[in-house]
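Below is one structure, written out as structure tokens; comments come after it.
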Amino acid sequence: MPASESNLTLHGAFARQFSRHARAIIRSPAEVANPLLFFFMVITLFPLGLGPDPQRLAEMAPGILWVVALLSSLMVSGKLFASDYEDGSLEQLAIAPFPLAVLALGEVSAYWLATGFLLALASPIFALMLGLPATGIFTLMVSLLLGTTCLTLIGAVGSALTVSIRRGGMLLSLLIIPLNVPVLIFGTTAVSEAVMGGNATSWLALMGALALGSLAVMPVAIGAALRVSLDQ
Amino acid sequence: MPLLTASDVTIERGDRRLLADVNLTVSAGEIWQLVGANGVGKTSLMRALAGLARLGVEGQIERQAELLYLGHASALKPSLNAMENLRCHPACDVMASDDDIERALAAVSLAGHEERPVGALSAGQQRRVALARLLVSSARLWLLDEPFTALDSSGCDWLDEQIQQHVEAGGGLIFTSHQPSRFGSRQIDLELARFAC
């Protein structure tokens, strides 16, 4: 019987969970590289499919960038809790003396930093590849920062619901794509407004509200969904 | 005060009733062993007692102590080393110091393997890393599902010793094993609970 008594706070538990997954992601660089590589490859295909007209590409760039961001988020979502389910970590999360929602948020935060945050940072390169005017690049970065927060949290709910289902990828897509549509619309509109010299701030504010709302609500939904999946 | 009380627990899976009317009370210093053939429902009952399975579980389960559950899967990340896996274990309620973790790994004969990724260790060594959690947790109630799996004889002896120390210090234990009891533990034969269905 160990002499030590419980000495871990809720913040400590969150930080520990974040650290555990951040380290695991760093040790498996493919987790970080795959969404960025996917983004790069798809973006390079558009000039081939639509033709090399810079004017046309620039007009379509906001929509293209946001659709590809959504698809790359979808690609990551399917794997979010898969390894935890297989190696028994989810069971341990569920019986931990801390709210499952908080621990799951720690894990999702690490994933977001490695995927959504990096994507937002790298987005100016992809924007330049499509000829997006410089006036839209800052708005694109901010919208991706806020939007990928929502996409990651929504994807985490879908992943938590389908983690115990074999080949649940299609079901995951059906579940979360409809929920991602508002984020896609707000993100694309914000960047388009910035490019046309309009007021993108209101759209970004809407996305900020969506991100904060998601941060408040989604962790609880993720925790509940994980418990349902563990109960199968 | 008992550490865990289960009253009239019935477990169903789909339209099949696995177990009926299981009753047990685990007090400080007690060891309970769940026995029965493969598929009889030992793991299902352990998961229900741990609070992991609720669907299809009827009856009352009350836990009055912090819980350490070790299932079939060891909950280790293959890319992390043994130190990191223990330091960041999701269910551990204490922030163990590096010294404590090194001592725990030395106790399971893994001194010198602290910095190796767990994925590079053998199955038996991985099980030892998982069992090292017993030494860095303050939980009084242990639920160990097949804890002797993949352990060699020295590992089994070490685990016997830890269990004895745990119950002498006021802890309680429920475990499943196909091996005969090594501690004079109380047994529940789940075959009988199945026949009650």
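Being of a type in the set (Ser, Thr, Tyr) and farther than 16 Å from B:SER177 by Cβ is the filter here, so list the residues in the stretch B:5-43 that pass it. Show your work before the answer.
Just the residues of the stretch B:5-43 that are of a type in the set (Ser, Thr, Tyr), to begin with: B:5, B:7, B:10, B:25, B:27, B:43.
Once the filter is applied, which keeps residues that are of a type in the set (Ser, Thr, Tyr) and farther than 16 Å from B:SER177 by Cβ, the stretch B:5-43 yields B:THR5, B:SER7, B:THR10, B:THR25, B:SER27.
Give the stretch A:42-84 a look and list any residue that's more than 14 Å from every other protein chain (Cβ to nearest Cβ), in a helix (DSSP H, G or I), under 18 Å from A:THR162 (Cβ atoms) and open to solvent by less than 10 Å² (accessible area, probe 1.4 Å), or say none.
Result: A:SER77, single match.
Mind counting the residues in the stretch B:31-52 that are modelled with pLDDT of 90 or more and either more than 29 Å from B:GLN165 (Cβ to Cβ) or out of contact with any Ser or Thr (no Cβ under 8 Å at 6 or more places or on another chain) (or both)?
8
If you take the residues in the stretch B:65-79 that are farther than 27 Å from B:LEU34 by Cβ and surrounded by fewer than 23 Cβ atoms within 10 Å (Cβ to Cβ), which one is farthest from the other protein chains (Cβ to nearest Cβ)?
Step one: filter the stretch B:65-79 for residues farther than 27 Å from B:LEU34 by Cβ, giving B:77-79.
Of the ones still in play, those that are also surrounded by fewer than 23 Cβ atoms within 10 Å (Cβ to Cβ) are B:78-79.
Numbers: B:PRO78: 8, B:SER79: 4 Å.
The selected residue is B:PRO78.
Pull out all pairs, ordered by first then second residue, where Cβ-Cβ is under 8 Å, the residues are six or more apart or on different chains, the first lies in the stretch B:96-114 and is within 12 Å of chain A (Cβ to nearest Cβ) and open to solvent by less than 50 Å² (accessible area, probe 1.4 Å), and the second is in a helix (DSSP H, G or I) and aromatic (Phe, Trp, Tyr).
Within 8 Å, the pairs are B:ALA107/B:TRP158.
Read through the list (1) on the phi < 0 side of the Ramachandran plot; (2) at pLDDT below 95; (3) more than 14 Å from chain B (Cβ to nearest Cβ), then give the number of the only condition that A:GLY131 fails.
(1)
Can you name the residue in the stretch A:85-119 that is free of Cβ contacts under 8 Å to residues at least 40 places away in the same chain and of a type outside the set (S, T, N, Q) and, of all such residues, is surrounded by the most Cβ atoms within 10 Å (Cβ to Cβ)?
First pass over the stretch A:85-119, keeping only residues free of Cβ contacts under 8 Å to residues at least 40 places away in the same chain: A:86-89, A:92, A:95, A:117.
Next, only the ones that are of a type outside the set (S, T, N, Q) stay: A:86-88, A:95, A:117.
Details: A:GLU86: 11, A:ASP87: 17, A:GLY88: 18, A:ILE95: 22, A:PHE117: 17.
If we take residues in the stretch A:85-119 being free of Cβ contacts under 8 Å to residues at least 40 places away in the same chain and of a type outside the set (S, T, N, Q), then A:ILE95 is surrounded by the most Cβ atoms within 10 Å (Cβ to Cβ).
Is at least one residue of the stretch A:141-153 open to solvent by less than 10 Å² (accessible area, probe 1.4 Å), under 30 Å from B:ARG54 (Cβ atoms) and over 19 Å from the mean Cα position of the chain (by Cα)?
no
Can you name every residue in the stretch A:160-185 that is closer than 29 Å to A:THR139 by Cβ and among the hydroxyl-bearing types (Ser, Thr, Tyr)?
A:SER173
The values are calculated or read from the model by the stated rules, or taken from the named source; none is laboratory data. Treat the numbers as computed from the prediction; the structure is a model and nothing was measured. With ideal geometry, Cβ positions are generated from the backbone for all residues, glycine too; neighbour counts draw on all protein chains shown. With ligands, DNA and RNA removed, areas are computed over all heavy atoms of the protein, side chains included. Shrake-Rupley method; radii C 1.70, N 1.55, O 1.52, S 1.80 Å.
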